[in-house]
Amino acid sequence: MEEKKIPAHIAMVMDGNGRWASQRGFSRSIGHRKGTETVRGAMEFCIDNSVDYLTLFAFSTENWKRSAAEVDAIMSLLREFLYSQTPEMNENGIKIDFIGDTSRIPASSQRAMEYARETTKNNDKLKVNIACNYGGRADILYATKEIARRAARGLIDPETLTEEDISASLYTSDFPDPDLLIRTGAEKRISNFMLWQLAYCEIYFTDTLWPDMDKEKFAEALKWFSGRQRRYGGVK
Ligand code: FPP
């Protein structure tokens, strides 16, 4: 039997909600609402396929440039999603946490985040990080500042600093690096997502818009991953 390789950690850039809505004459926020249904589907898919970690890029440090109405819609949807889905996610053994500078997120959404985090903190079937006001460069900057502070206090020696020390100072310290990144919505870029952590990640780009990602489409990504040979800079 052919061995099926399963990624331990899948990261997802959920792009295409706006286009999905425009194509149907709907407002962009309708696309984001539809996108939250796909978020549920993505979690179910990960559990069904024994994926241990999932990171979802919900809101970037650059997304504040969008209209206030769209930012409000995304924040409200996140809040609504967390309040309505947390009991079921908890029953399914999902642990929810957040990465990014969440201090800038509206207080009402922060309360929903705290509720989801607290309720699900003891679960370990699928660990999910939702990236909210997250940027890869901001992540590295924040870690660098923390390391510099520790060095200034004489707690670490810059000469013996390791890559593991940097990984341990990032928002993602309790997750392994992603094995597979899925980016929907036809664009082929990283968009400032987990720049350090994606160093050896396999990247799957699909034209499918995020709201159209169903289990079959996720399965195609997994099948593609299964055929990849990961060499980490070495030779086979
Ligand atoms: C990208 O599509 C999508 C976003 C910036 C927001 C994603 C947010 C959600 C799915 C809702 C809340 C999140 C969770 C985890 C419940 P886009 O607007 O850039 O689409 P476009 O490229 O077609 O304009």
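Every read-out reported here was derived from the displayed coordinates using simple, explicitly stated rules and does not represent laboratory data. Here the structure is a predicted model, which is why all the values come from computation and not from measurement. When we count neighbours, we look across all protein chains shown, and the Cβ atoms used for this are built from the backbone with ideal geometry, even at glycine.
Numbers below:
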| read-out | value |
| --- | --- |
| Net charge dipole size for the chain [Lys, Arg +1 and Asp, Glu -1 on Cβ; Debye, nearest 20] | 560 |
| Links that overshoot a 20 Å alpha carbon limit, given the list 5/215; 34/121; 95/188; 5/236; 4/215; 188/215 | 34/121; 95/188; 188/215 |
| Neighbour net charge for residue 24 - beta-carbon separation under 14 angstrom, K R +1, D E -1 | +3 |
| Farthest toward positive dipole pole in region 176-232 [+1 Lys/Arg, -1 Asp/Glu at C-beta], among 221, 184, 195 | 195 |
| Expected 222 nm ellipticity per residue - DSSP helices of 4 or more, -39500 (n - 2.57), all of the chain, to 500 | -14000 deg cm²/dmol |
| Exposure proxy order (Cβ contacts within 10 Å, fewest to most) of 215, 34 | 215, 34 |
| Positive minus negative residues near residue 15 (Lys, Arg vs Asp, Glu; Cβ under 11 Å) | +2 |
| Neighbour-limited loop hits for GluC sites (Glu not before Pro), region 34-81 (at most 14 other Cβ within 10 Å; DSSP other than H, G, I, E, B) | 62 |
| Cut-off 12 Å between beta-carbons: net charge of the residues surrounding residue 146, Lys and Arg +1, Asp and Glu -1 | +2 |
| Exposure proxy order (Cβ contacts within 10 Å, fewest to most) of 102, 160, 55 | 160, 102, 55 |
